[in-house]
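> Here it is, the structure, as structure tokens.
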Amino acid sequence: MASGAPGPEDHGDDKGGLRAALGGLTTRGRSFLAAGVAATVCAYVLGQGDLLRVGLLLAVLPLVCVVVLHRTRYRVAGSRRLSPSRVPAGSEARVHLRMDNVSRLHTGLLMLQDRVPYVLGPRPRFVLDRVEPGGVREVSYRVRSDLRGRYPLGPLQLQLGDPFGMCELTRSFSAYDTLVVIPRTEPLPALRLAGEASGYGDGRQRSLALAGEDDIIPRGYRHGDDLRRVHWRSTARYGELMVRREEQPQRARCTVLLDTRRIAYQGAGPGSAFEWAVSGAASALAHMLERGFAVRLLTDEGNAVPGETADGFAGSAQESAESTGLMMDTLAVVDHSDGGGLSRAHDVLRGSNEGLLVAFFGDLDEEQTAVAARMRQRSRGAVAFVLDADDWARGGAGAGSPPSASDRLRLLREAGWTALAVRPGAELAGLWQQAGQEGSGAQSSVAGTTTGLSGGWS
């Protein structure tokens, strides 16, 4: 929200403001002044009194307009409102401007102008009629960008003019607003893949609150608790009824890994491989949060952003909307990294049991394929979407993935990944469905030999 009250008092000393006002003379004002000076000189040379009076009138009129406009005490408050302030790439947002005349004078004709980056469209300009004391004028315009990012809007500028059009002065408000253009997201189908556990909710596990079935750290008795849960030893110690803690639901976890290495991608722009990977990561994050998972975003540099908990995972279900917004804000400005490998991300994933892992990889050489394969060891389920740089550079004109890319996919699958090649123009929803089918097939093939798998996706 931008606001302010521009006026002559906002511009420092009087002499500096007067010089600025003289600089605001329009073409008409300068022409009148030049004609007046020329007529005055000619009248003096020729001795024509009538011409002298005309010349003085022509010269004085724009100067009087400058002084009057400079001394005008308009007090106008302006505000800006974005609807919405966060918008997917390719979608429109509306900017609402409001002007309030908080002075006791009628304003003159006002020109309202807002400054916007060129990628959002042309600079909007509006002409406002005279605003009565206490009056309000509201206007709006639309902005749109195909490129994600954070774009400043402002400052809001107000142009004042005199009735004769001799002078124009510009007043600027100081406040800015920011429009966040996030990646496009696709709705994804609800699936069950290898590694997903049944139980409380979709893909959730159940765990004891602290120390197992005979939890010795009790809590106070609450109305409605089963008396069979009373812990008599603690009751005797504390002098009040204490009960053993119940089994607590634990949210299933999902890590979305985004490979941002510059060397892993080619090209730029909305249709590039990197933008597809960013959009895919955004879609996966939003989908998993909607399904009740605790989710975190991880990059190849090992940065887990953001997270309400120490390990980087999003917090409770009530905070899912806020977590989604924070992650989308991060993806709105994510850029290529200068790193050459995935070892930092592997070190983060190696630290704990991560549940489901969904990765969006760029081009993988033999060494990085081996690192990615080792990431699977700490995950209950792992799905990789691999974008081959050469294939995207050719625009998918080839007959299929080159042999080297096929070998990388085979190595990932042998390590336990559900690995899919992403061709230019592919839709994530279709690949997501394919991953679900391949994951279900893999689960059926190892049923009876692998037990205890939990986590997963839906």
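> Do you know which residues across the range 161-183 are hydrophobic (A, V, I, L, M, F, W, C), part of a loop (DSSP other than H, G, I, E, B) and surrounded by 17 or more Cβ atoms within 10 Å (Cβ to Cβ)?
Looking only at the range 161-183, we keep the residues that are hydrophobic (A, V, I, L, M, F, W, C), and these are 164, 166-167, 169, 173, 175, 179-182.
Okay, now just the ones that are also part of a loop (DSSP other than H, G, I, E, B), so 164, 166, 173, 175.
Matches in the range 161-183: Met166, Phe173.
> Pairs please, first residue from the range 241-259 and part of a loop (DSSP other than H, G, I, E, B), second anywhere and of a type in the set (Phe, Trp, Tyr) and modelled with pLDDT under 85, Cβ atoms under 6 Å, 6+ apart in sequence or on different chains.
As it stands, the answer is Leu241/Tyr221, since those pairs meet every condition given.
> Run down Ala373, Ala393, Ala332 and say which single residue is within 23 Å of Arg148 (Cα to Cα), at pLDDT 90 or above and surrounded by 14 or more Cβ atoms within 10 Å (Cβ to Cβ). Before the answer, list the steps.
Values: Ala373 fails: within 23 Å of Arg148 (Cα to Cα); Ala393 fails: at pLDDT 90 or above.
Sole residue among the options that is within 23 Å of Arg148 (Cα to Cα), at pLDDT 90 or above and surrounded by 14 or more Cβ atoms within 10 Å (Cβ to Cβ): Ala332.
> Let me ask another. When you go through Asp311, Asp300 one by one, which is the residue that is surrounded by fewer than 15 Cβ atoms within 10 Å (Cβ to Cβ) and either at pLDDT 80 or above or in contact with a strand residue (DSSP E or B) (Cβ under 8 Å, 6 or more places away or on another chain) (or both)? Give the steps one after another, and end with the answer.
Details: Asp300 fails: surrounded by fewer than 15 Cβ atoms within 10 Å (Cβ to Cβ).
Just a single option satisfies the conditions, and that option is Asp311.
> Considering every residue within the range 256-265, establish whether at least one is open to solvent by 60 Å² or more (accessible area, probe 1.4 Å) and at pLDDT below 85.
Pass one, the range 256-265, residues open to solvent by 60 Å² or more (accessible area, probe 1.4 Å): 262-263.
Next, from what is left, pick out any that are at pLDDT below 85: none.
So far as the range 256-265 goes, no, none of its residues is open to solvent by 60 Å² or more (accessible area, probe 1.4 Å) and at pLDDT below 85.
> For the range 118-160, what are the residues that are open to solvent by 30 Å² or more (accessible area, probe 1.4 Å), in contact (Cβ under 8 Å) with a residue 24 or more places away in the chain and assigned to a loop (DSSP other than H, G, I, E, B)?
Those that are open to solvent by 30 Å² or more (accessible area, probe 1.4 Å), in contact (Cβ under 8 Å) with a residue 24 or more places away in the chain and assigned to a loop (DSSP other than H, G, I, E, B): Arg130, Glu132, Pro133, Gly134, Asp146, Leu147, Arg148.
> Please work out which residue is surrounded by the most Cβ atoms within 10 Å (Cβ to Cβ), limiting yourself to the range 102-117 and to residues that are closer than 14 Å to Arg137 by Cβ and of a type in the set (A, V, I, L, M, F, W, C).
It comes out as Leu110.
> While we're here: Criterion first (of a type in the set (A, V, I, L, M, F, W, C) and either open to solvent by 40 Å² or more (accessible area, probe 1.4 Å) or at pLDDT below 90 (or both)) does Ala421 satisfy it?
Taking the combined requirement at face value, the residue does not satisfy it.
> Taking the range 39-73 only, how many residues are over 30 Å from Val102 (Cβ atoms) and either touching a Gly at 6+ places or on another chain (Cβ under 6 Å) or not in a helix (DSSP H, G or I) (or both)?
Here is the first cut: in the range 39-73, the residues over 30 Å from Val102 (Cβ atoms) are 39-61.
When the remaining residues are screened for being either touching a Gly at 6+ places or on another chain (Cβ under 6 Å) or not in a helix (DSSP H, G or I) (or both), the result is 39-40, 43, 47-48, 55, 58-59.
So the answer is 8.
> Let me ask you something else. Pick from Gly36, Gly17: which is at pLDDT below 90, part of a helix (DSSP H, G or I), open to solvent by less than 70 Å² (accessible area, probe 1.4 Å) and small (Gly, Ala, Ser)?
Numbers: Gly36 fails: at pLDDT below 90.
None of the other options fit; the residue is Gly17.
> If the Cβ limit is 9 Å and pairs must be 6+ apart or interchain, which residue in the range 78-92 that is under 20 Å from Ser279 (Cα atoms) and among the hydroxyl-bearing types (Ser, Thr, Tyr) pairs with which residue that is open to solvent by 50 Å² or more (accessible area, probe 1.4 Å) and assigned to a strand (DSSP E or B)?
Listed pairs, sorted by first residue: Ser85/Thr178; Ser91/Arg144.
> Now, a different point. Check off (1) surrounded by 15 or more Cβ atoms within 10 Å (Cβ to Cβ); (2) part of a helix (DSSP H, G or I); (3) aliphatic (A, V, I, L, M) for Met99 and give me the number that stays unchecked.
Against the list (1) surrounded by 15 or more Cβ atoms within 10 Å (Cβ to Cβ); (2) part of a helix (DSSP H, G or I); (3) aliphatic (A, V, I, L, M), Met99 comes up short only on (2).
The values are calculated or read from the model by the stated rules, or taken from the named source; none is laboratory data. None of the values given here were measured: they were computed from a predicted structure. When we count neighbours, we look across all protein chains shown, and the Cβ atoms used for this are built from the backbone with ideal geometry, even at glycine. Surface areas here come from the heavy atoms of the whole protein model, side chains and all, with no ligands, DNA or RNA. Shrake-Rupley method; radii C 1.70, N 1.55, O 1.52, S 1.80 Å.
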